[in-house]
Structure formats: structure tokens, C-alpha cells
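Asks: Would you mind keeping the following structure in view while I ask a few things?
Values in this text are rule-based calculations from the coordinates and carry no lab data. Values in this document were obtained by computation on a predicted structure and should not be read as measured data. Ideal geometry is used to build each Cβ from the backbone, glycine not excepted, and the neighbour counts take in all protein chains shown.
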Amino acid sequence: MQVKNQERRLAILEAAKSVFLERGYAGASMAQVSARLGGSKQTLYSYFASKEDLFIAVMLERGAAQVQPLFEAFRNQESLNLAVQDFALAFVRFITAEEILAFRRIVYAEGAKSELGKLFYENGPKRGWSRMAEDFAAAMDQGLMRRADPWVAVNQFHALCEAGPVQRLLEGSLLRVDEQDLVGAAKAAADTFIRAYGLQVEG
């Protein structure tokens, strides 16, 4: 029964994802999701109490599948320098995926009108970035990077990764970015951070 419930939940999230991408958050409804799923609204509400809960669950499901492994790989990399470089490239590739850009635009559009952005951040991205802040704090204790506020360091690294072509994609002033430019943007972000925080080569 538990397996079937999980399968049903994943089917709901997949149906909801397509509705949100097609109609946006404001234009989507629980009725449309249940119709896409081929079930009743009552069944849908037994899994998710509101459209807001459903949207956040869709976003977090993507994060768990695609973003969490990036933070795990960062923590498991023996070299902090390489960890920063590898993460920057993987993260830039992730956040420039068309589907992720579309969902982030929805969050930005709704953020000023509701708690949607805050709820998503607190239950998703903040957890991964908090783990990275712990990793930076440990590196500072070991003398592998200059002493600073780890949370500030994380925010600055995050901002560097999203600068330039990534930001322009998000705002729509660019329609696409070549792989070469993405790699260049990630390399520049990592290099700037490494220099700014004086990351040392281990060993």
C-alpha cells in the first residue's frame, strides 16, 4: 500500500508540474491537476492541502532529485578547490535548464503576493546552502580558506554562480547560452570565489 501511495504521489507531482509549466501558478488550479491526473479533487486534496503545498512539493521533488546530489558531491570532494569548481559548473548547468528557469520565474512572480517564495526557500534551497556553510566553517577551522562568516561566503558564492549569462537567462534578456559560455561563467565564478577567500590547495 505504501508503494502505491508513493507512486500515486509521484504521478500527482508529474501532472501538477505540467499544469504549472503550461498555465503558471495563478492560472493553474487543483481541478486542472486532478483532470490531468484522471482522478478526483478529493484524492488530490488527500495528498496536498492546497495549490501552494502542491507547487512547493513539485519544486522540492526536483531539488531532491537533482540539487541534493550536488551538495553531497561538494561535501565528499577531498579538494576544496575542486569542490568549488565542480559545484559551480554543475549548479550553473542545473539552474539554466529550461524547466528550472520556468519554475523560478513563477516563484519570482508570486513571491511578492504570497508566502510561496519564502516557503520554498526555507524547505528546500536553504538546507543545501546551510550544509555548504558548515563545510566552509570547517575549512576555515582547518586554515583552508580565510576566516569569515560562512553564511556570507555561501551567499556570495551563490551570487557569483548566478551572475552574468545565468541572470540574463532568468530575466529573459537572453534566450539561450552556449555550453562554452556556461562553462566560462562557472569557471569565472569559482575562480573569483577561490581568490576572494584565499582557498588553499590541500596536501
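Asks: Note down the net charge around Ala137, summing +1 for each Lys or Arg and -1 for each Asp or Glu among other residues with Cβ under 13 Å from its Cβ.
Replies: 0
Asks: Between the stretch 115-181 and the stretch 1-70, what is the C-alpha centre distance in whole Å?
Replies: Using only Cα atoms to place each centre, the spacing works out to 27 Å.
Asks: Each residue of the stretch 114-126 in turn: what ³J(HN,Hα) in whole Hz from Karplus with 6.51, -1.76, 1.60 and θ = phi - 60°, glycine and Pro shown as x?
Replies: 8, 8, 4, x, 5, 5, 5, 4, 5, 9, x, x, 4
Asks: Check the straight Cα-Cα distances from Lys51 and name the lysines below 23 Å, setting aside those fewer than 8 residues away within the same chain.
Replies: Straight-line reach from Lys51, under 23 Å: Lys4, Lys17, Lys41, Lys113, Lys118, Lys126.
Asks: What 222 nm value per residue comes from the helices of the chain, counting each DSSP H run with n ≥ 4 as -39,500 (n - 2.57) and dividing by all residues, nearest 500 deg cm²/dmol?
Replies: -24500 deg cm²/dmol
Asks: Separate question: Assuming 1.002 mPa s and 20 °C, estimate D for the stretch 51-123 with Stokes-Einstein, Rh taken as the Kirkwood radius over Cα pairs, in µm²/s.
Replies: 159
Asks: When the chain is fully extended, how far beyond the present Cα-Cα distance does Asn123 get from Gln180, taking 0.36 nm per residue of separation?
Replies: 17.2 nm
Asks: Let me ask you something else. What share of Cα pairs, in percent, lie more than 28 angstrom apart in the chain?
Replies: Within the chain, distances greater than 28 Å cover 36 percent of Cα pairs.
Asks: Right, here's the next one. So which trypsin sites (Lys or Arg not before Pro) in the stretch 42-115 pass both tests, a DSSP loop state and at most 13 other Cβ atoms within 10 Å of the Cβ?
Replies: Passing both the DSSP loop test and the Cβ count: Lys113.
Asks: Count the net charge of all other residues whose Cβ sits under 11 Å from the Cβ of Val19, scoring Lys and Arg as +1 and Asp and Glu as -1.
Replies: +2
Asks: I'd like to know which of Phe48, Val67, Val92 lies farthest towards the positive end of the charge dipole of the stretch 1-95, counting +1 on Cβ of Lys and Arg and -1 on Cβ of Asp and Glu.
Replies: Farthest towards the positive pole: Phe48.
Asks: Moving to a separate point now. In the stretch 90-174, if every C-alpha pair distance is counted and binned at 5 Å from zero, what percent goes to each bin?
Replies: Answer for the stretch 90-174: a P(r) of 3, 13, 18, 22, 19, 12, 8, 4, 1 percent.
Asks: Ok, one more. Work out, step by step, the length gained on full extension between Gln200 and Thr43: first 0.36 nm times the residue separation, then minus their alpha carbon distance; give nm to one decimal.
Replies: So the chain would gain 51.1 nm between Gln200 and Thr43.
Asks: So, one more: By how many nm would the segment from Leu101 to Glu52 grow when fully extended, if each residue of separation counts as 0.36 nm and the alpha-carbon distance is taken off?
Replies: Extra length from Leu101 to Glu52 when fully extended: 15.8 nm.
Asks: Moving on to the next point. Under a plain spin-label model, where a point goes 7 Å from the Cα along Cα-to-Cβ, how far apart in nm are Asp149 and Leu10?
Replies: 4.2
Asks: Evaluate 2.2 N^0.38 Å with N set to the residue count of the stretch 1-48, then give the Cα radius of gyration divided by it.
Replies: Normalised Rg, Cα atoms only: 1.10.
Asks: Also, I was wondering about something else. To the nearest 20 debye, what is the magnitude of the charge dipole of the chain about its Cα centre, counting +1 on the Cβ of each Lys and Arg and -1 on the Cβ of each Asp and Glu?
Replies: Taking the Cα centre of the chain as origin, the dipole is about 640 debye.
Asks: If a paramagnetic tag sat 7 Å from the Cα of Lys113 along the Cα-Cβ line, which residues of the stretch 167-187 would have the backbone N under 16 Å from that point?
Replies: Correct set: none at all.
Asks: Tabulate in residue order the Karplus-calculated ³J(HN,Hα) for the stretch 36-53, using 6.51 cos²θ - 1.76 cosθ + 1.60 with θ = phi - 60°, rounded to whole Hz; enter x for Gly and Pro.
Replies: Couplings: 5, 6, x, x, 9, 5, 4, 5, 4, 5, 6, 9, 9, 6, 7, 4, 4, 4 Hz.
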